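One structure is given below, encoded as structure tokens.
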Amino acid sequence: MVEIPSGSAGAIPSAEVEDVELYHPKSWWTKYVFSQDAKIIAVQYSVTAISIGLVALVLSWLMRLQLAFPGYFAFIDADHYYQFITMHGMIMVIYLLTALFLGGFGNYLIPLMVGARDMVFPYANMLSYWIYLLAVLILAAGFFAPGGPTGAGWTLYPPQAVLSGTPGGKDWGILLMLSSLIVFIIGFTLGGLNYVVTVLQGRARGMTLMRMPLTVWGIFTATVMALLAFPALFVACVMMLFDRLLGTSFFMPAIVEMGEQLQHGGGSPILFQHLFWFFGHPEVYIVALPAFGIVSDLISTHARKNIFGYRMMVWAIVIIGALSFIVWAHHMYVSGMNPAFGFFFATTTLIIAIPTAIKVYNWVLTLWRGDIHLTLPMLFALAFIVTFVNGGLTGLFLGNVVVDVPLSDTMFVVAHFHMVMGVAPILVIFGAICHWYPKVTGRMLNETLGQIHFWTTFLGTYAIFFPMHYLGLLGVPRRYFEMGETAFVPPSAHTLNIFITVMALIVGAAQMVFLFNLVWSLFRGREAGGNPWRATTLEWQTPQTPPAHGNWGKELPVVYRWAYDYSVPGAAEDFIPQTVPADGGVTREVPA
Amino acid sequence: MNVTLIFLAVIGAIIVWWLSGQRLASKPWLETGSVQLPDHHGADRQQPPVPAVKIGLFVFLGVVGALFSLAVSAYFMRMASTDWWATPVPRLLWVNTAALALSSVALQWARREAGHGRMESLRPVLAAAFALAVFFLVGQVQAWSELTAAGYVLADNPANSFFYMLTGLHGLHILGGLAVLAHTTVRAFARDVQPERLRLSVDLSAIYSHFMLAVWLLLFSLFAGWANDFVDLCRTLLT
């Protein structure tokens, strides 16, 4: 390791980096619609993801209405209820969270944060978005297909997913769902190759891996994981399509349907579960790792303090990514598998708590004695930490086989995963949008509207999901259309359900405030300037705001320092951008 | 899922090896001012940097590898059930295997010719590689129809289902590679070709072809049943 003392490498010409050949759009269509500019693609991804996410939000309202007022809404019957559950889950996890974090934030932030002009394969990047849009359209087509969308639950477990008792099982529903997933995975692979190779090959001079902002680390690791995990879902979808269309028996056991013996025989539903969760568990971290990274940057910037334990944060991201591939069967404790496996998977599951806890401690220690500005991004980041800790702790309960078995398939599980991978990442998404909106549009979001949205969402989601833990402990099952005769559930549970529903309606409505804010501020927001948060990372140092095509001016930036030089003792300002040479900020002692 | 875990271990080892060269133990907060260059931008580099497309291809091969290792995992797990009886391997598969191997050899040859800038000899070799790969695909379809004619239809038995699905997936990947190879071959015959770019295309095609050949050999050994003996051996050793 060669350490060059500060000052000796003052001005280094940046000309040595070969410029990538940029595609220059010739018409309005190629500039804004079939654009190869990662920033435009990012906005396209985000708008599409948020639009389909709103559909999923409405679906959750409908579910909640049914749970609180069973029988009151005639148009919600059992079939519809299952369709709502399925589509809500699938949209939120894959088409909203995955697409928004990797396709949206990944596309916007990776090239800017590592100092590249664009992604390395802009054409593939464009294809990636259009294939994603196709996947969303196929998915949405399910609502209009005969028989409606599939109601198999978001895990799509066979054999029920392809039987006539399940909505969409023998109609178009399941076919559209499986094809949409296959298309999504193809599109994602094109994008994912871009994100990985851009981080590997596209970094500006001086941008070593250990100088990258944690946001890039999070998105990078999550993309590598997604590239390895999505093939499992791909294989599972293809095999299920075979079972449904061509009569094979990969997953289908011998089964009697409506008094009629089906052609299938010998297939293994457990095999599907293995494949599904081999994708499904890493998927949790595919969503969580970008959130971890982004939150680290928000906290550091808005607390004006360097991130505590940067190295540990990087290692923790990588270790979490690796461990998440060997815990999948903790979703299958009740599938009748060998108890010894349960012990193994419980152990690996609990071990993940260690790197995760390191991250939480480091966030809190970054806040410790920081100069905390309670801006919107900071509020969301703080809310994330609390929510994530809450959701993570119930994860420790569910990770243990003996505790999981009675809690499995109750509302407790619903509460757990909504806290940890529903609300927590969504809070980060809001924080990140508030943080980078000035860079994307050149204008600030309205603070008052933002505060209204934040407090309603933060407190409201607690009001929704905290009581669900209690319902789960009472034994209220999940996925049930209505309770029926259940002596063990007290009437108070029903009152609680009404409360939860009312809160869900309010929180959902609060999201409209946020959307209104996005549109309103686009035209009426305060001018932001290039670096409103006084942040150090490269995306705030672009010559134009919003960044022009090609991101940088004539020369690419050169990076002289890590991403977290906030409140450096002796420096004139409380932040030193990554592009400032050593003598431009402050001279520091370098240990020999 | 053992196959998948082994594959992941290999990928993990590659990632660890790569990360170990990335100074993950450095203390970036103490290294202000120095412009440590990433490897590929080294000022005094000995060899030219690896092109991004090549890195992209390797990452893609990782994804394809994950896909096939998962499918093979599923194969082994499904095989454990009682309704499984092996599909006979059509003799034609041997011919196909030879064609695919020769296609790979031809591409390797093309790689050398392109490396030396011998355009004249490059063209026929590329065309031969292309033709052989097409022959392989046609042969696979022929093998399918032979099997179907002999009564080994898709839904009859899980072994058949896997045979058709795995060969189908593999065939689609070969088809994708063929599209790229066709593009390269056409370019090789064009007049205004940049030797540097062509060399890269041939290089990438060859790497992809070798990888798909390796995948095919593994699948073939699976169908022929040799892999099963190996798995049995492993099982006896483990228990």
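Using r as the Cβ-Cβ distance of residue B:183 and residue B:218, and R0 as 30 Å, what FRET efficiency do you calculate, to the nearest 0.05? Using R0 = 30 Å, I get an efficiency of 0.65.
The modelled label-to-label distance between residue A:397 and residue B:20, using points 7 Å beyond Cα along the C-beta direction, is 4.3 nm. A dipole drawn for chain A from +1 and -1 charges on Cβ atoms has a positive end, and of A:385, A:65, A:239 the residue lying farthest that way is A:385. Over chain B, what is the relative contact order in whole percent, taking alpha-carbon pairs under 8 Å and six or more residues apart? The normalised contact order for chain B reaches 24 percent. The dipole here belongs to the protein assembly as shown: it is taken about the Cα centre, uses +1 on the Cβ of Lys and Arg and -1 on the Cβ of Asp and Glu, and is about 1180 debye. Comparing mean-square fluctuations of B:101, B:150, B:110 from a GNM of chain B with C-alpha springs under 10 Å, the top value falls on B:150. By the helix-only formula, in which each DSSP H run with n ≥ 4 contributes -39500 (n - 2.57) and the sum is divided by residues, chain A has a 222 nm mean residue ellipticity of -19500 deg cm²/dmol. Once the Cβ-Cβ distance of residue A:58 and residue B:112 is raised to the sixth power relative to R0 = 56 Å, the FRET efficiency obtained is 0.35.
Quick check: the angle from helix A:269-302's long axis to the longest principal axis of chain A, C-alpha only, nearest 10 degrees? It works out to around 30 degrees.
Label zone of residue B:232 (point 7 Å out along Cα→Cβ, amide N under 18 Å): in the stretch B:136-175 this covers B:159. Compared with the direct C-alpha span, the chain from residue B:53 to residue B:197 gains 50.7 nm at full extension, assuming 0.36 nm per residue. The residues neighbouring residue A:250, those whose beta-carbon lies less than 15 Å from its own, together hold a net charge of -1 under the Lys/Arg +1, Asp/Glu -1 convention. Would you look at the GNM of chain B, springs on alpha carbons closer than 10 Å, and say which of B:109, B:84, B:18 moves the most? Of B:109, B:84, B:18, the most mobile in the Gaussian network model is B:18. Modelled label positions at residue A:526 and residue A:145, each set 7 Å beyond Cα in the direction of Cβ, lie 5.0 nm from each other. Farthest toward the positive end of the dipole of the stretch B:71-219, out of B:194, B:179, B:142, is the Cα of B:194, where the dipole comes from beta carbon charges about the Cα centre.
Given Cα pairs under 8 Å that are at least 6 residues apart, what percent is the relative contact order of the stretch A:468-581? So the answer I get is 18 percent.
Can you tell me the 0 to 90 degree angle between the C-alpha axis of helix A:447-474 and the longest principal axis of chain A, rounded to 10? Here the helix axis deviates by roughly 40 degrees. Using a Förster distance of 25 angstrom, determine the FRET efficiency expected from the C-beta separation of residue A:451 and residue A:499, and round it to 0.05. Here the calculated transfer efficiency is 0.55. Have a look at A:80, A:218, A:230 and report the one farthest towards the positive end of the charge dipole of chain A, computed about the Cα centre with Cβ charges (Lys/Arg +1, Asp/Glu -1). Projecting each Cα onto the dipole axis, the largest value belongs to A:218.
Between helix B:2-20 and chain B, what is the angle of the helix's C-alpha long axis to the longest principal axis, kept within 0 to 90° and rounded to the nearest 10? Once rounded, one gets 10 degrees.
No lab work stands behind these numbers, since they all come straight from the coordinates. Here the structure is a predicted model, which means the values were calculated and not measured. FYI the Cβ positions are ideal-geometry reconstructions off the backbone, even for glycines, and counts take in every protein chain you see.
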